[in-house]
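A short worksheet on the structure shown next.
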Amino acid sequence: MARPHPHLPIRPVWLRRRCGHPWPCGPARLSLLTEYRGNRIALLIYLAVLKEEATTHLTELTPTTPPADLTDRFLTWARARG
Ligand SMILES: [Zn+2]
């Protein structure tokens, strides 16, 4: 649990350390899907926690323009398809 992951975001701006894109970008998503292969529920719980944390951070950073709903960015892509 404590080992560092190359796909982790920089807090509190939630950009990916390696490429500077909004986290989770494409490679970060692939990395997570690989890491959590066969355990999609755990991945969704993990992402839901991070989504709440990111929403809090981003709202604190720009109180006048709080972030839009982060559900698509954090969760929708990870849900099992049809
Ligand atoms: Zn990236």
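Every number here is computed from the coordinates shown, using simple stated rules; none is lab data. Bear in mind that the values here come from a model prediction, so they are computed numbers and not experimental data. Here the Cβ is made from the backbone with ideal geometry for all residues, glycine too, and neighbour counts use every protein chain on show.
Remarks
- Residues of segment 18-34 satisfying the condition of being in a helix (DSSP H, G or I), of a type outside the set (S, T, Y) and either surrounded by 16 or more Cβ atoms within 10 Å (Cβ to Cβ) or in contact (Cβ under 8 Å) with a residue 12 or more places away in the chain (or both): P27, A28, R29, L32, L33
- Selection of segment 52-73 for residues being closer than 15 Å to V13 by Cβ, in a helix (DSSP H, G or I) and not aliphatic (A, V, I, L, M) yields E53, T55, T56, H57, T59, E60, R73.
- Yes/no for L8 being in contact (Cβ under 8 Å) with a residue 24 or more places away in the chain, surrounded by 13 or more Cβ atoms within 10 Å (Cβ to Cβ) and not small (G, A, S): no
- Hits in segment 13-49 - residues which are among the aliphatic types (A, V, I, L, M), over 15 Å from A80 (Cβ atoms) and within 16 Å of the ligand (Cβ to nearest atom): V13, L15, A28, L30
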